[in-house]
Every structure is written in C-alpha cells, then in structure tokens.
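Structure, as structure tokens:
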Amino acid sequence: MAKNQNDKKGILSTLGRWFRRMFFGASKELDVLEVEKLESPSKLAIKAFFRRKLAVAALIVLLSLFLFVFIGPYFFPMHLTYTDNLQANIAPNFSMLSVPSGLKGNIRDINGCSNFTVGVSNDNTLYMWGYTKDALTKLDYSKFPDIIEEGNVLMASAGFDHIIAITTDGHIVGWGNKNNGQYGAANEADGYISMDRVLSEAGFEKDGDYYKIPDTSKIEQLVCGYQATALVIDGHAYMWGNARNYDNMKTLAEKQSGDIAKVAMTNYRIVVMKDDGSVSGGKANFFFKQSAISSTQGKVESVGDYLKKSNVVDVTATKDSMAFLTDEGEVLIFGTSSYGEDKIVLPEEGKYIKLVGGSQHILGLTDTGKVYAWGYNSDGQTKISGKDADDIFTGSKQSYAVNEDDELTAKAGLRGYLFGTDNKGRDTFTRIVHGGKMTMTIGAVAVIVSSIIAIIIGCLSGYFGGWVDMLLMRITEIFSAIPFLPFAMMLSFIIRNYSIDENTRIFIIMVILGLLSWTGLARMIRAQVLAEREKEFVIAAKAMGVKESRIAFKHILPNIISVILVSMTLDFAGCLLTESSLSYLGFGVQLPQPTWGNMLNGANNSIVIQNYWWQWLFPPIFLSIATISINIIGDTLRDVLDPKSSQEK
Amino acid sequence: MGKYVIKRILYIVVVFLILSLLIYLIYNMLPVDKAAAAAKSEIEGNKLLDFNDRYEYWKAKYGLDGNILERYGRWLGIYPYSDGSFNGILQGNLGTSSFYGKPVAEVLAEPMKNTIFINIFATILALGITLPLGIFCAVRRGSKRDVGVQVGTIVGYSLPTFIIAIVFIWLFAVVLGWFPVSGMQTAGSIGWSSWARFWDRMYHFALPLIVMTFCSLGGMTRYVRASMIEALSMDCIRTARAKGLKEKAVIYSHAWRNALIPIVTLVIGWFLGIFSGSLMIENIFALNGIGRVYFDSLTRSDNEVVLALQMFYIIISLFGNLITDIAYGFVDPRVRVNK
C-alpha cells in the first residue's frame, strides 16, 4: 500500500518535472566547479544551525531581548531614586486615564491622589476609574456604599486609600480603608484624628449612619490628602485622618479662625489659604527660614516674609511640595521638589489664575484659557501644556482639561502599568528594561573576563607543558576548589564595606564573577591544545621557524575556537544565573539599581507571593527566556560544530 | 593506591594552606576590631579601667597583635599566642561567634546536621529520578517522549533555584496549601512526641526537598542521557546484541557499566556542590542549615563563623576531588590510580 503511494508520488513528481521543463526550461546548468565546490566547515556549521527551527527561534528571541534591554532604556527612562508610596503594589492595569463616558460631557470635578481617580458630573453622579483595588486587603474602592446613588453626589474626593463623598442631602460618606482613621471613628490615642469626633464637635448631627451637613451651599471645599481629609465649611476647616503622617495637622485642626478659604495637602504637610490672601501652616515656624522658588524672582529666601507682602489667590500641593499663586500671577513653589516641580513654566501670554497639583506635577490655567504644566513627566502628564481649557483637573499622574461646556477636551499622563508596580511604587516594566541591561552587561563582561583568562592559561599550559603546565594547572585547581557562591558573597560583602561608587562596585562584581568561573574552560582548552599540538600543521609551522607564542595563539587557537565559542555561550547563561542569584541574596548589585535578580529581593515571603503576583512573575520570565534561549543556542552550536555529533543525527 | 592517596592528601594540605591564607587576608580587609569592642564593653562596665591597657590585653588574648602572618598562624594553630600556647583550628578551636557568644563548633553543630540531612535526602531523590529517566531517554533516543524530556530539562537547568522555589511556594504552599511556606517546625511543637516532631520536620522539609530535586533534574538527566548514548554506541554493545543477549542485559550490564564512569564524577561533584548550593534553599525556606548561618553571619560580620564555614566549604571541595578520582578507579577497572 505504502509502496504504491510512493510510486504514485514518484510518477506525479516526474510528470511535474517534465511539465516544468517543457514550459519554463530546465533549471540552471551546473558547471563542474560548482558541483565540486567545497564548503568551509564554518559555513556548513552556520547552514546546519539555521536548519534547526528551535535554535533559530531561540536566536531571534535572544536578539530581540538584547535589543529590548539595550535600546529600551532610551525609550523608557528611569528615575533611579524615584519612589512613590502612593503608587505601590499596583497590579497590571491600563484604565487610569479612562474617563467614563457618562462623565466626559459634563464634568464638575475630577481628583485623585493615588492609583484611582474620582469624578463628579454636573448631574450629581459619582464616577471612579483607575486601579480601584487594594491587592493586599482586597478592598474594592469602586464598590460604593448603598447611600451613594446615581444623581445624589454633590462632591467627592479621593485620598490614598479612602474616598469621602458628600451627598446632595449633605451626608458625609467615607469608604475604603479606615485603619488609620481615614473616616468614621478612630482611636485618637494612636495619633489619628477621628472624623466622628470632629464632626460632632462642629455641631453636625448624625442622620442614620452618616453625619449630615444641614446647609450644603456653605461647603467651600472638600480635599483628601494621603490618608487625611479636610472639609472647608463657611470659613472653618475640619480635618481628620492619619495625623501621624502630617506634622501640622493637629495644630491646624485645633485652630479655627473662621476665615479659611482653601486647604492644600502634601503627603506630610498641610497649608491653608485665608480670605485675606495670606497663607498659614498653623505653626509659627512653618515658613521660618525656609526658601522657595518664585516664577519671577528666582530663589526667595524666607518665604513667610515674602508671602506677607503679596496676596495669595490660589494654593495647591503635590506629593512633596506646595504651590502658591499670587494675584499678580506669580507662582511660588515651596518644599521638596525632587521631580522638577520648581521648574515653573511661565505662560506665553496672560497670567495664571488657577493652579492644580498632581502628585509630582503642577498644572496652571491662564486668564487667556490656556493650560501649562511642569514637573515630573515620566508618563507624559505635562504633555497637556499649551492646550485650551476653561478648567483643569489632575489625578495623581494625570492631567485633564475641560472646556466651557464642561466637556473633556484633553487628557494626558499615566494610563497604567504594563507589569504593575513594586512595593516602592516603581514601574516593574521600566525596571525590567533597565535591570535586563544591567544583568546582561554583567553576564557578558564576566564571560569575557573569564574566557580571556581561560584562553591565556589553557593555551600556555597546553602548549608549553612541563613546569608551566604544572604551575598553571595547580593554580587552576586552587581556583576551582573555591566554593563559588559563598566566596562571591564574601567578596561582595567586603567591597560593600568600602565606600566605592556604585559603578565601580558593579564592575568589581563583574570581575569577581569572571575570576571565579574560568577554571572549567581553561582545562578544556588545555586538553584541546594538547591534542592539536601533535598535529602535522604545528610541526610544519615549527619547521618554518614560527615563534612559539605565535603558534600557540595564531595556529592552534583558531582550531579550538569552536569549543571556546560553545563554552562561552553556555557560560553566559551561567553568569546570568549567578549574577541574579547573588543579587537576589542581596550580595550583588544593590538596590535601587535594578537587576533581574535583585528585583526579586524580598519576594520570597508569602504576602508578596500570594497577593502581588506581578512582582515576582515578570522578572523571572525575562530571565528564564534569556537563559533558556542562550542554552538552546549553545547546545545547537555544540552539535553543529562537532562533526561527529552532526553525523550521528 | 595508598601512595597516590597520600600524595594527593599532601597536595590538599598545601592548597588548603594557600587558600586559607588567601581567605584570611581577604577577610581581614574588613574593618572589624574584636579587641576594641571587647575593651569598650569592659570599660562601660567599669569606668576605672584604662582603654589602651584593656585593648592591649584583649589583642593579646585574641591573638590580634603582631603582623598579619602571625595572626594567620595563630588562627590556624601553627604559631603560638603571646603566652606560648597554640590554640587554633588545628587544635580544634574554630573561634568564638561574636553574635551567639558561643564556640563556633557549637553554633554549627545543629545546622550542619540539618544541611547534611537535606542534602543526602535530596541526592537520593534526585538520583532515583534522574538515573532511570536518563537511561530511558537514551534508549528511546529521538522518540517524542525523549524530545519532551529534553525540552523539559533545558528549561529545568536554565532556571535558577530561587525562581523555581518561588513558583513552587506559590503553587504548593499558597494555592494548594499542601506545605508550609517556610520554617523548620510548627510553632509549639516542642512538647510533642519525638515521632510527631520527626513527621512535622519532614513536613517542613518536603517543599525544599522537592525544589532541590527538581533543580537537579535538568542537568543530571541530560548528563546521564549523554553518557548513556555514548556508551550505547560502543562496539561492545553491538557485539552483545549480536550475541543475542536480552535488551535488558545489554542496557543494564553492558552499557550502564560504561556510562557510569562520567556519571560517578558528576554525582560526587554534584553532591559536594550542593553543600554550598543549599545556601540558597536554606535562605529561601528559612531552614536552620549552615548556608543560612553563613548568610546571617556574613551580614552580621561574625568573622569566625564565616571563616570556619569557608574552610569547611574548601575542604569539602578539595576532598571531593580526591574522592572522585578514587571512585573513578573503582567503577572503571581500566583506570589505575597509581600514577
């Protein structure tokens, strides 16, 4: 049966060949030279390599990974010391800029402090978007309490892990995390300020489960900070929440002057603006001997005195700094500005009439209806500059511009994190790109160092033999007796005790890895050289009077290069693994400089493994893809370069 | 044979001296001054004492006076202290742990037991799986199952221990909840019967052992398979088959014996390698083994413990080479170890 089919096929192909020859002519005539052409072994090996699909796939994967980690850093810049606890432990998600369609056309307010944003529409409906969950506590902020209904929310504000909303009836509703006194009753002995106490002392009464404000028209402002909230009603600022985090919250909460116009909260300080255009931090020394950056004056010493002379019309805050706007349109930035918050952009025409702060960037609105932005631009949040706007809003890393009809006209900023964020709020994807560059560089340099040592020692010892061989092999044995991981840890620990700068330290780690891993290759090269040096071409070279060192490195070395190549490839994978193991244990490259190993430093506890799967899943995937493809390439190289094994298969 | 072993042991002694000197020198680069610390704490207790006086006393006591070679000699036990006594490693004194305040030997006794236990257990498990698997793959070379195992082993040996450990913890401890995430014993198990405590300990060791075994599968299986393939392509195998021997006899007595030679080297080398390799496992699973003690002592600058363990690792690897060479002679009658 099978034979018959073969015959059939044979007939068909013969017919096909005849057909082709009849109409398209015979295939190219081969001349004698071409038939007899010999192909060099390396060419054969390359051909054999590319015949193997798995190896080619591995090569493509590895090359794209190389491109990814060596070109990627230019596209995804990393702020090495950046940390943002407001963005910590966010799962992969891309909805942070997705303003719900119901809100887009009639925006009254948008605000956000961390990974989620709330918005209230003109028809009194509350919307929420972004990453609305807490992976650890399993809280879902987007599950509103029952009292929140469509069309009954007057205003809302989002903090780091809580939301406060005021209904049209005046009910003050809080939800989210309440462990640090964000809303409801809190233990004041722990340093928190209880919302229930503040509101009842202010004379509000409970209606059902919630405190109620009788006259909602008197509410001037509702703002949430890190884990705190301020509510301005009729010149009085009521504040509650995690006062342990705010060094002047208790002072401000106790002082009620009745003339407060606006409150702004950074992550650890609060400032109030009064009706008369002055600002205060509650404490006498709040502005004392502190400098600020002014848009017109440059650096201003003693910001407190400076502000007394001018009339402040708006105040806002980022995570670390505060911004004041005077009636002349001058902007003052006060506080830490590590992300360029003080690089104030001045409008081309007109003057600023409103400022809004995100977590590391600030938006300014001019009287001519233009919006300008400055500060941290990691995710394009300042790319809204120059757009027309009637009103401006920010999330933590988002900017929104709205026209006269309260329609969203422009938005910019962080859409989300592809691979989530780590426990310090750093983008895992960016760190994988930069960490990959570091890991690959360390692996490559270590392999080069170890190969150079191995080639020199192996060639010398194999070629010269005698006492040279004896000496070098004893040295090799001493080095191979060194237990790798403990010894590398010890060396790394010792250099950590010296104040060397980070790059030198990383270089030393590369050299250490190289110095500890050359022995196997050196032995292999020696054995190969021993075999090669007895061959005829070496005798011929000697007879021609070629220098010994030249024979060793120019005549013998090329013949064993295939062995070296294979071994280098496999060692490269080995070095990636040892580097990441060392860094994982905390003895390699130190944080905050990422590598694929140290990104997992601290991931081996059940909290991280259970709740933050993206933190421990993605770096290993990249590392594994790299090492697996390198190993496949190395194995295939060994097969195709070894004539014996390729005959077998 | 005896002459060869003696020669090798002499050689080991020389290498050990060189390496221990090297490590001692490197470790002395650390700015740790035990004598100053001791003198300081003594002065805090009694303000009347003079610091320099006490400092000199403790330096002499710890053998820290003199140049680095003298100190090394004292630590090793080949150079006398100022009072003329020898008290170093050769005399069985590994030093005193500054953190535990106990002799190092005492500190290391219990962890050493644990490490040896899990290593032997892991070796048995790994050999029990990899040898049959490697032989199976070699005999059925090119079959689908063989290709499957080959792909699996490439993945296995390309992954570092900590990644496998994290994935296994996630799967077996977090999702399935079969094993504890880390630790050595259930809290409050002190009062249990010794049998119950043994099972409790085995229950805690299970996941680390599974991870260790899994990590060794990749490389070992490939190695066994390769040497078995080599052995199966020998002429004697063809002869054996031509004689009409059963396939089982061909594989297990003719080929296997030949394949064993490189495998023995690997197994011994690997067994000794996991002493330092289990450092990773012990740290991930918080097992009280010498690897963990080494890690902790290093971060606490507890010199004496670190140095003692370094010496242990070196001795293990030096004797490992010797044992490998001798074992070679046993499995391969052609190799005569008497050169």
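The values are calculated or read from the model by the stated rules, or taken from the named source; none is laboratory data. Nothing here was measured: the structure is a model prediction, and the numbers come from that model. As a convention, Cβ positions derive from the backbone with ideal geometry for all residues, glycine included, and neighbour counts pool all protein chains shown. What goes into the accessible areas is simple: the full protein's heavy atoms, side chains included, and nothing from ligands, DNA or RNA. Shrake-Rupley method; radii C 1.70, N 1.55, O 1.52, S 1.80 Å.
Put simply, of A:Val232, A:Val279, A:Val272, A:Val313 the only residue that is under 24 Å from A:Val331 (Cβ atoms) and assigned by TED's automatic domain parsing to the domain that holds A:Asn180 is A:Val232. Of all residues in region A:490-546, those satisfying the criterion of being under 42 Å from the mean Cα position of the chain (by Cα), away from chain B (no Cβ under 14 Å) and among the aromatic types (Phe, Trp, Tyr) are A:Phe507, A:Trp518. Inside region A:75-88, residues that are open to solvent by less than 30 Å² (accessible area, probe 1.4 Å) and closer than 19 Å to A:Gly159 by Cβ make up a count of 4. The numbered conditions (1) in a helix (DSSP H, G or I); (2) within 22 Å of B:Phe275 (Cα to Cα); (3) touching a Leu at 6+ places or on another chain (Cβ under 8 Å); (4) aliphatic (A, V, I, L, M) are all true for A:Leu491 except (3). Among the conditions (1) of a type outside the set (Ser, Thr, Tyr); (2) assigned to a loop (DSSP other than H, G, I, E, B); (3) touching a Leu at 6+ places or on another chain (Cβ under 8 Å), the only one that A:Ala243 does not satisfy is (3).
The listed residues are A:Val433, A:Val468, and the only one of them that is away from every other protein chain (no Cβ under 14 Å), assigned to a helix (DSSP H, G or I) and without any contact (Cβ under 8 Å) to a residue 24 or more places away in the chain turns out to be A:Val468. In the set (1) within 10 Å of chain A (Cβ to nearest Cβ); (2) part of a helix (DSSP H, G or I), B:Ile210 fails one condition alone, (1). Residues of region B:71-102 that are open to solvent by less than 80 Å² (accessible area, probe 1.4 Å) and assigned to a helix (DSSP H, G or I): B:Arg71, B:Tyr72, B:Gly73, B:Arg74, B:Trp75, B:Leu76, B:Ile89. Might you let me know whether region B:145-163 holds any residue that is modelled with pLDDT under 85, open to solvent by 10 Å² or more (accessible area, probe 1.4 Å), outside any helix (DSSP H, G or I) and within 14 Å of chain A (Cβ to nearest Cβ)? No, every residue in region B:145-163 fails to be modelled with pLDDT under 85, open to solvent by 10 Å² or more (accessible area, probe 1.4 Å), outside any helix (DSSP H, G or I) and within 14 Å of chain A (Cβ to nearest Cβ). Note on region B:242-331: enclosed helices (runs of 4 or more DSSP H) holding 3 or more residues that are more than 14 Å from chain A (Cβ to nearest Cβ), open to solvent by 10 Å² or more (accessible area, probe 1.4 Å) and of a type in the set (A, V, I, L, M) are B:256-284, B:303-331. Starting from residues that are assigned to a helix (DSSP H, G or I) and within 14 Å of another protein chain (Cβ to nearest Cβ), keep the ones in region B:173-203 and report whichever is nearest to the chain's Cα centre (by Cα). Only one residue tops the list, namely B:Ala173. Scanning region A:589-608 for residues that are at pLDDT 85 or above, within 12 Å of another protein chain (Cβ to nearest Cβ) and open to solvent by less than 10 Å² (accessible area, probe 1.4 Å) returns A:Trp596, A:Gly597, A:Asn598, A:Leu600.
Can you tell me which residue among A:Val566, A:Val538 is under 20 Å from A:Ser451 (Cβ atoms) and open to solvent by less than 30 Å² (accessible area, probe 1.4 Å)?
A:Val566
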